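Everything below concerns the one structure shown next.
The values are calculated or read from the model by the stated rules, or taken from the named source; none is laboratory data. Because the structure is predicted, anything quoted here is derived from the model rather than measured. Cβ placement follows ideal geometry from the backbone for every residue including glycine, while neighbour counts extend to all protein chains displayed. Please note that ligands, DNA and RNA were not included when accessible areas were found on the heavy atoms of the full protein model with its side chains. Shrake-Rupley method; radii C 1.70, N 1.55, O 1.52, S 1.80 Å.
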Amino acid sequence: MKLVFAGTPEVAVPALDALIASERHEVAAVVTRPDAPAGRGRRLVASPVAQRAEEAGIEVLKPARPRDEDFLARLREIAPDCCPVVAYGALLPQVALDVPAHGWVNLHFSLLPAWRGAAPVQHAVMAGDEITGASTFLIEQGLDSGPVYGTVTEEVRPTDTSGDLLTRLALAGSGLLVATMDGIEDGSLKAVPQPADGVTLAPKLTVEDAEIDWAEPALRIDRVVRGCTPAPGAWTVFRGERLKIVQAALVADRADLAPGELSPAKNTVCVGSGSHAVELLWVQPQGKKPMRGADWARGVRIAPGERVGSGDVG
């Protein structure tokens with residue numbers, strides 16, 4: 001089939017690479033979000049998908065909005081058979097959805113109908129899911145509600161961050177997307193409506209969602225840290241400034257600390273929770289680089305009984 005691929009961030013690149021490598025399909029063009037400011041200089045930088053497409057000599061379309069007439073006219077000129085999508089980042093209007101004969105097929109990083117929305121991997125980790133996966137489905141106007149072509153499953157490991165899990169799902173999902181294109185082309189694959197039961201939502205996480213509540217059980221705190229890594233980054237407050245918690249570990253045999261109470265030792269620093277203690281393995285103070293929790297604790301000289309998580313950010 002002739003394809004127009006839509007995607008923007010790094011997580012979409014493995015799927016683009018897999019489609020380029022496929023002998024059965026031609027990636028005629030790529031649709032991605034416009035160049036965005038990045039780095040300290042805030043200069044405009046092309047998306048990872050745009051950079052990869054340009055390296056491969058593929059035409060890149062960067063509409064400000066997918067309903068822009070210039071973009072729609074070019075899409076009709078290309079006349080794709082299907083438009084595979086991975087993390088494009090903009091809502092597609094019906095007028096665009098109607099262009100390809102086989103529609104727009106999205107690779108979504110959950111087992112639909114679970115975790116519909118912008119942050120399925122983060123929510124799966126934070127909810128303590130043991131199994132997740134990826135799904136390909138036909139895009140319609142509802143939120144990730146279209147009929148499903150296929151799925152792959154992936155175990156959520158006990159130490160997985162959302163970044164770790166998303167990296168694996170991007171690779172597994174790229175194979176699923178190619179197989180879906182193959183099945184659509186030869187007529188062997190038909191999309192199946194999603195069940196009405198089991199729908200859960202995964203809205204984009206805000207900075208507020210990533211604040212740690214030390215009164216919660218340690219297991220919940222561990223999931224929040226892992227689910228919010230690398231973005232938006234779990235955090236707490238220490239002496240009026242934000243302290244990012246990069247990596248933590250459960251200390252099941254210690255329950256003598258009040259929620260938020262710090263307990264530094266020679267090579268460790270622990271915090272009390274609503275259950276047992278949590279060790280701060282890596283932290284990032286405001287305006288500084290990540291550092292080992294014990295090194296941070298030595299530098300700030302924690303007073304007896306001092307806590308994290310109370311007070312406003314200064």
Looking at the stretch 268-290, which of the residues that are modelled with pLDDT of 95 or more, over 14 Å from Ile221 (Cβ atoms) and open to solvent by 40 Å² or more (accessible area, probe 1.4 Å) is farthest from the chain's Cα centre (by Cα)?
Thr268
Which condition does Ala21 not pass, out of (1) open to solvent by 50 Å² or more (accessible area, probe 1.4 Å); (2) touching a residue at least 60 places away in the same chain (Cβ under 8 Å); (3) not basic (Lys, Arg), if it passes all the others?
(2)
Here is a list: Gly57, Gly89. Which entry is surrounded by fewer than 18 Cβ atoms within 10 Å (Cβ to Cβ), more than 25 Å from Val152 (Cα to Cα) and not β-branched (Val, Ile, Thr)?
Gly57
The condition of being in a loop (DSSP other than H, G, I, E, B) and open to solvent by 20 Å² or more (accessible area, probe 1.4 Å) holds, among Arg65, Arg74, only for Arg65
Residue identified as closer than 27 Å to Leu111 by Cα and open to solvent by less than 50 Å² (accessible area, probe 1.4 Å) among Ala202, Ala297, Ala249, Ala258
Ala202
Return yes or no: is Asp160 open to solvent by less than 30 Å² (accessible area, probe 1.4 Å), farther than 20 Å from Leu91 by Cα, part of a loop (DSSP other than H, G, I, E, B) and out of contact with any strand residue (DSSP E or B) (no Cβ under 6 Å at 6 or more places or on another chain)?
yes
Residue satisfying all of: in the stretch 205-228; farther than 17 Å from Cys270 by Cα and touching a strand residue (DSSP E or B) at 6+ places or on another chain (Cβ under 7 Å); surrounded by the fewest Cβ atoms within 10 Å (Cβ to Cβ) among these
Glu211
Considering only residues of the stretch 1-23 that are at pLDDT 95 or above and in a loop (DSSP other than H, G, I, E, B), which is farthest from Phe109 (Cα to Cα)?
Met1
